[in-house]
Amino acid sequence: MGLKAIYKYGSPPNFYRFVTRLEPWCLYFGLLLILIGSAGGLFLSPEDYQMGDAFRIIYFHVPSAYLSMSAYAAMGFASIIGIVWRSNVAFSVAKSIAPFGALMTTIALLTGMLWGKPMWGTAWVWDARLTSEFILLLLYLGYITLHASIREQKKADRSASLVAILGIINLPIIHYSVVWWNTLHQASTISKLDSPSIVGEMLWPLLVMIIGYMFFFVAVICRASSAEVLKREKRSNWVKEI
Amino acid sequence: MSIFDMGEYNFYVWTSVFISFLALFLAYYDALRKHKDVVEMIKNRNQSE
Amino acid sequence: METYFQLFFRETKVSIKRWTDVLTGIILFFLTAILFPLISDSGKDFLLSIVGPIMMFSSFFASLLSMQNIFKADFQNGTIEQLLLSKKSFVGLIFTKTLAFWLFTSLPLILVSGLIATIYFVTGKDILIIQMTLFLSTMTMININAFTAAITLGIRYPGALMTLIITPVTLPVLIFGSKAIENSILGLDISGPLYFLTGMMMLSLFLGPWITASALKISMD
């Protein structure tokens, strides 16, 4: 791949063209996978003898949670590239990821609560995973709010990027703190909330959903970051030809 | 029994499905609208020049 | 070296002149901590069980509120630009400023905490442990809050935004701090949390001024 490819797509017009062409493929493929996965998970996969039909929620909970975390990693990575290479394109990508990531985190938390309530009688508990996910939401909201509060574009980009990078370092520390706290309490809730081992016929819709969500995510980011790039470059020549 | 019936967990499962799909739809729709707005704005600028 | 001392003395003079600001932080800490026994079941067991979280929360809150203005006044009267232009290390200057701020806001807080601890029925050695914990955690929080203040410089009402950004970063400090206090009262081993707190303090002392300086440079352009 090499740096040359990065430089080539790093320029706004190339990025815009690449992303505009990429989007439909990701969108339709992603939607297809999500449809197949949902149908498979909701209707086809057999009922769990322990949990009945409630486990089907994980087909929506797990992809959202997984995506919320990888989106944040992507946002942090884009922020680093933005600061190091002073790339407007990278900052646009980071800015586009934030609202989608926040939305995914919220859905992960909500579906988690909807799963927890009937399953274990409690919608929430302060164990490491749930706490970290909640903190992740705060991190996203901090980024979005900071970016929106600073009027000047470049300053907003770089300040928010600093916060994103700080968040990446911070999240494992938080996770570890809560794990440590809980092991001291010997909370039985940890084992209670462990995902059951999932096997065979119940597994394939989950994988399909995760991959489908990923492609959908790429499609949304394509559209949002292309809009952002256009907005930033609105005075330049290549934009006039669109 | 209809395959749409999730037993006692009916409410929870279908609510999760609903909000998940809603979120996905909103995310894409938001991105789409942002894009449309920017393109509109640029077209107006081009016309007024 | 001389410049650092000059800056330190200047900060001292400013803090003394603005003693009301300094006092506000301490009063806030005191009131927040006092409020809980006042409005709830003030039995000895109950108070001893919550003194850890209360101490951490009160100091967090007081620190957050009194640090909103650490850079604001200097920003407005151009002092920060002067510091940037000086030949000395900007990071070192920020470190000095943060340290001076700690001395005048957090040190009194630590002393007052001894008084509060007795109100919470804490006895003997535990009071020292509480003060030690607050020492470590306020040092850490000062650096985190300085960074957040730097990054929100120029925003008109940064309070809520600062809280949003600060909470995730400060959470481990608060968790381990309250755990240390709780363990000490229960007679359990406190070395674990204290090691972690010290580690965080070291990390924030070294990285804090550097990242605050970067944030200030970004906000100043």
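Throughout, read-outs are computed from the coordinates displayed, never taken from laboratory work. Everything quoted here is computed from the prediction, not taken from an experiment. Cβ coordinates were reconstructed from backbone atoms using ideal geometry, including for glycine residues, and neighbour counts include every protein chain displayed.
Only helices enter the 222 nm calculation for chain A: every DSSP H run of n ≥ 4 contributes -39,500 (n - 2.57), and dividing by all residues gives -27500 deg cm²/dmol, rounded to 500. Computed from Cα positions, the angle between helix A:88-120 and the longest principal axis of chain A comes to roughly 10 degrees.
For B:Gly7, neighbours were defined as the other residues whose beta-carbon sits under 10 Å from its Cβ, and their charges (Lys and Arg +1, Asp and Glu -1) total -4. Free of any trypsin sites (Lys or Arg not before Pro) that DSSP assigns to a loop and that have at most 13 other C-beta atoms within 10 Å, the longest stretch within chain A is A:1-85. Among rounded, prolate and oblate, which fits region A:14-240 when a ≥ b ≥ c are the square roots of the eigenvalues of its C-alpha gyration tensor, a/c under 1.5 means rounded, and a/b larger than b/c means prolate? Note, shape of region A:14-240 comes out oblate. Taking GluC sites (Glu not before Pro) in DSSP loop states with no more than 16 other Cβ atoms inside 10 Å as exposed sites, chain A has its longest site-free stretch at A:48-151. Let me make sure I get this right: for chain C, a, b and c are the square roots of the gyration tensor eigenvalues over alpha carbons, sorted descending. Under 1.5 in a/c it's rounded, otherwise prolate if a/b > b/c, else oblate. Which is it? In terms of gyration-tensor shape, prolate.
Backbone N atoms of region B:19-49 closer than 15 Å to the 7 Å Cα→Cβ label point of A:Ile36 are not found in any residue. With contacts taken as Cα pairs under 8 Å at a separation of at least 6 residues, chain A carries a relative contact order of 37 percent. Once you have a ≥ b ≥ c as the square roots of the Cα gyration tensor eigenvalues for the protein assembly as shown, tell me rounded if a/c is under 1.5, and otherwise prolate or oblate according to whether a/b is larger than b/c. It comes out oblate by the Cα gyration axes.
Take every Cα pair under 8 Å whose residues are at least 6 apart in sequence, average their separation, divide by the length of region C:2-220, and the relative contact order is 28 percent.
Relative to the longest principal axis of the Cα atoms of chain B, the long axis of helix B:10-48 lies at roughly 10 degrees.
On the beta carbon distance between A:Glu152 and C:Asp189, with R0 = 35 Å, the FRET formula returns roughly 0.10.
Rounded to the nearest 10 degrees, the angle from helix C:90-119 to the longest Cα principal axis of chain C is 20 degrees. Compare C:Gln131, C:Gln68, C:Gln82 in a GNM of chain C, Cα atoms joined below 10 Å, and give the one with the largest fluctuation. Between C:Gln131, C:Gln68, C:Gln82, it is C:Gln82 that shows the largest mean-square fluctuation. Spin-label model, B:Leu26/A:Met113: points 7 Å from Cα along the beta carbon direction are separated by 1.3 nm. Lys-Lys pairs in region A:14-240 that are eight or more residues apart or on separate chains and whose Cα atoms lie under 13 Å of each other come to 4. For the pair region A:116-135 / region A:142-185, the C-alpha centres are spaced 21 Å from each other. Taken over chain C, lysine pairs spaced eight or more positions apart, or on distinct chains, with alpha carbons under 19 Å apart number 14.
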